[in-house]
Ligand code: ATP
């Protein structure tokens, strides 16, 4: 039975070949790559040696198959991924801007993963659950919103902790209802893993340390802020620790945060301390950006530990 459970989109990603390409002009794209933020997360949690499950849906097609094969190879429990007879696997296209920003074009709401709703969750799956991980990107329709709320309820019933990566995509969080749901999850989360601008977006408190402190005084045990190549900050009730990024040459930034979260949750689930788990997750996030494709740079715990020893011993 799974100890780490997540829910949401499993899809393929197709990425622009060159920086500066856009969606309204014909250009070359590369893919398909297995993807979907929850899928990247759970793949990495399993690669770190935890029993991990994803609740999702794919189509009966090659895009579904590439994902199922990858997740199976890496040890993810795929028994709660439905193979839809009616809908195709989701797709995300991504382009990169000169300033490092990205645009996404998602086909998910009407794809197989758009079928997810609260009926996808089986109570027995949650009996051994220790961490229920929520990705903000999974709030793409009413069905997934209800499913996430039910997952939270089941997780809390069985004593699991809620880990939360707001993963705000402007293309998905397109109305205030969705933002309000993100705020609700933030308030219930035991561990928050946010991008730099996301705490401000959700709490409307300008100073990051103040909003982190507010969350720690409320319900959170740890708040982690990810800043790409500028590293990571870990806030706990006891202290604040800045962790430098592991220096690498960035090839493709997509998926780093999901890989970071998968490593972190995968490691604390196995009894690794929060601070060491953040350091291992930082190495994993760095390794993730060295490969083209959102899941291609996922790295197992043995290799992450080897690099950790090199840096910290
Ligand atoms: P995404 O939403 O694309 O998955 P994110 O914004 O949630 O990404 P990032 O801050 O980009 O997350 O990356 C997560 C972590 O991975 C960072 O905190 C850092 O430790 C590591 N990382 C990311 N990019 C780099 C980089 N270029 N060099 C070194 N480390 C990096």
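Where a number appears in this text, it was derived from the coordinates with a stated rule and is not lab data. It should be emphasised that the depicted structure is a prediction, and the values quoted were computed from it without experimental measurement. Cβ sites come from the backbone with ideal geometry, for glycine too, and all protein chains shown count toward neighbours.
In a Gaussian network model over the chain where Cα atoms closer than 10 Å are linked, find which of 160, 138, 281 has the largest mean-square fluctuation.
Greatest mean-square fluctuation among the candidates belongs to 160.
Please identify which residues in the stretch 20-62 have an amide N closer than 15 Å to a label point set 7 Å out from the Cα of residue 250, following the Cα→Cβ vector.
Within reach of a label on residue 250, which here means backbone N under 15 Å from a point 7 Å along Cα→Cβ, the stretch 20-62 contributes 20.
Rounded to the nearest 500, what is the 222 nm mean residue ellipticity of the chain from helices alone, with -39500 (n - 2.57) per DSSP H run of 4+ residues and division by all residues?
Values: 9 runs with 109 residues, N = 313.
Helix-only estimate at 222 nm: -11000 deg cm²/dmol.
Rounded to the nearest 5, what % of the DSSP beta bridges within the chain are antiparallel ones?
Bridges in the chain that DSSP calls antiparallel: roughly 40 percent.
When a footprinting reagent is the concern and you count Cβ atoms within 10 Å, what order do 190, 24 take, fewest first? Numbers along the way, then the final one.
On the way: 190 17, 24 5.
Ordered by Cβ neighbours within 10 Å, fewest first: 24, 190.
Where is the GNM fluctuation largest for the chain (alpha-carbon springs, 10 angstrom cutoff): 186, 71, 202?
202
In whole angstrom, how long is each semi-axis of the equivalent ellipsoid of the chain, when you take the square root of 5 times every eigenvalue of its Cα gyration tensor and sort them from largest down? Working shown, then result.
Working: eigenvalues 133, 108, 81 Å².
Result for the chain: semi-axes of 26, 23, 20 Å.
State the Kirkwood hydrodynamic radius of the stretch 109-241 in Å, one decimal place, computed from all pairs of distinct Cα atoms.
Details: mean 1/r = 0.0650 Å⁻¹.
For the stretch 109-241, inverting the mean 1/r across all distinct Cα pairs yields 15.4 Å.
Using Cβ contacts closer than 10 Å as the measure, can you line up 65, 169, 306 from fewest to most? Spell out each step's value before the answer.
On the way: 65 15, 169 18, 306 11.
Ordered by Cβ neighbours within 10 Å, fewest first: 306, 65, 169.
What residue among 294, 247, 38 shows peak mean-square fluctuation when the chain is described by a Gaussian network model with Cα springs under 10 Å?
In this elastic network of the chain, the residue with the biggest mean-square fluctuation among 294, 247, 38 is 247.
Please work out the C-alpha center-to-center distance from the stretch 1-67 to the stretch 261-313 and express it in whole Å.
19
For the stretch 60-155, take every pair of Cα atoms, bin their distances at 5 Å starting from 0, and report each bin as a whole percent.
That works out to 2, 11, 17, 21, 21, 15, 7, 3, 1, 0, in percent per bin.
Along the Cα→Cβ direction, 7 angstrom out, place labels at residue 242 and residue 149. What is the inter-label distance in nm?
Each label point is offset 7 Å from its Cα along the Cβ direction, giving 4.1 nm.
Could you give log10 I(q)/I(0) at q = 0.26, 0.27 Å⁻¹ for the stretch 40-102, computed by the Debye formula over C-alpha point scatterers of equal weight, without solvent?
Each listed q maps to, in turn, -1.02, -1.07.
Would you please state the base-10 log of I(q)/I(0) at q = 0.11, 0.12, 0.17 1/Å for the stretch 148-307, with intensities from the Debye formula using one equal scatterer on every alpha carbon?
-0.43, -0.52, -1.05
Between residue 25 and residue 60, how many nm apart are label points set 7 Å from Cα along the C-beta direction?
A separation of 4.2 nm, rounded to one decimal place.
Per residue, how much space in cubic angstrom lies within the convex hull of the C-alpha atoms of the stretch 227-313?
Numbers: hull volume 7.9 nm³, N = 87.
About 91 Å³ per residue, rounded to a whole number.
Starting with the fewest neighbours, write out 1, 15 ranked by other beta-carbon atoms found within 10 Å of each beta-carbon.
In order of increasing Cβ crowding within 10 Å: 1, 15.
Apply the Debye scattering formula to the stretch 14-173, with a single equal point scatterer on each alpha-carbon and no solvent, then give log10 I(q)/I(0) at q = 0.09, 0.14, 0.18, 0.19 Å⁻¹.
Log10 of I(q)/I(0), two decimals: -0.31, -0.74, -1.18, -1.29.
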